[in-house]
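Heads up: the structure comes next, in structure tokens.
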Amino acid sequence: MELWHGCQQDDVKAYNELVARYIPRLSRITHNIVKDPFVTTELVMDLLFSLWQKRHTLQIRENVSAYLFRAFKYMTIRHLRNALPQTIDIDALEEELPAGTSDYRLRYREAEKEFTHKLHQLSPQIRRTFELSRNENLSYKEIAERMSLSVKTVESYMVYALAHLRKHYSNAECLLLLTLGCLSI
């Protein structure tokens, strides 16, 4: 708390010490989630810069570490939510494929099968949350109401589901399927 009080008094040395103390820990956690070193650095620096900008108005009542990690958790969730691709109806996409593209249709079906398999590796509750979000385009609040969960639980389930799916896809067809939206399950 001493460093935070120093920051509130415009002590740049205290802020630099705070930054030096938390950048490695926040970066390690973020990199495990987003897997992109540039995004990791950007998120960590955004949080710490925001802390400096709000130093005169922000009231941290508990310890600074708890505040930073909680704020960072929500910032990461917001980033992942904003990074979600727009969804389109996958059946409509399949109909738009030219008639002579049987090779593409085969690849599409194989990728769809792989995607469905990976989706079924999730727990039923997390999978259902993902399906309601992707297939029925429900908001987190609507999903929470339908499943009798808190909105924060729905957010956590979506972050987990997306992280699970992202870590399993390396070939272009599967990434394309994720980018294009939801598959019929």
For a Förster distance of 41 Å, can you work out the FRET efficiency between the beta-carbons of Glu142 and His56, rounded to the nearest 0.05? 0.60
Principal axis dimensions, largest first and in whole angstrom, of region 28-72 by Cα: 32, 19, 9
Taking R0 as 41 Å, what's the FRET efficiency between Gln125 and Ala20 from their Cβ-Cβ distance, rounded to 0.05? 0.50
Averaged across orientations, what area in nm² does the convex hull of the alpha carbons in region 1-91 project? 7.1 nm²
So if each residue of separation counts as 0.36 nm, and I subtract the Cα-Cα distance between Ala83 and Ser150, what length gain in nm does that give? 21.9 nm
Over 18 Å between C-alpha atoms is what I'm after, so list which of Lys73/Lys118; Lys35/Lys152; Lys54/Lys152; Lys73/Lys152 land there. Lys73/Lys118; Lys35/Lys152; Lys54/Lys152
Phi-based couplings in Hz for region 128-134 (Karplus 6.51, -1.76, 1.60; Gly and Pro marked x): 5, 4, 4, 5, 5, 5, 7
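FYI, it's all coordinate maths here, none of it is from the lab. If you're wondering where the values come from, they're calculated on a predicted model, not measured in any experiment. Every residue, glycine among them, receives a Cβ derived from its backbone with ideal geometry; neighbour counts consider all protein chains shown.
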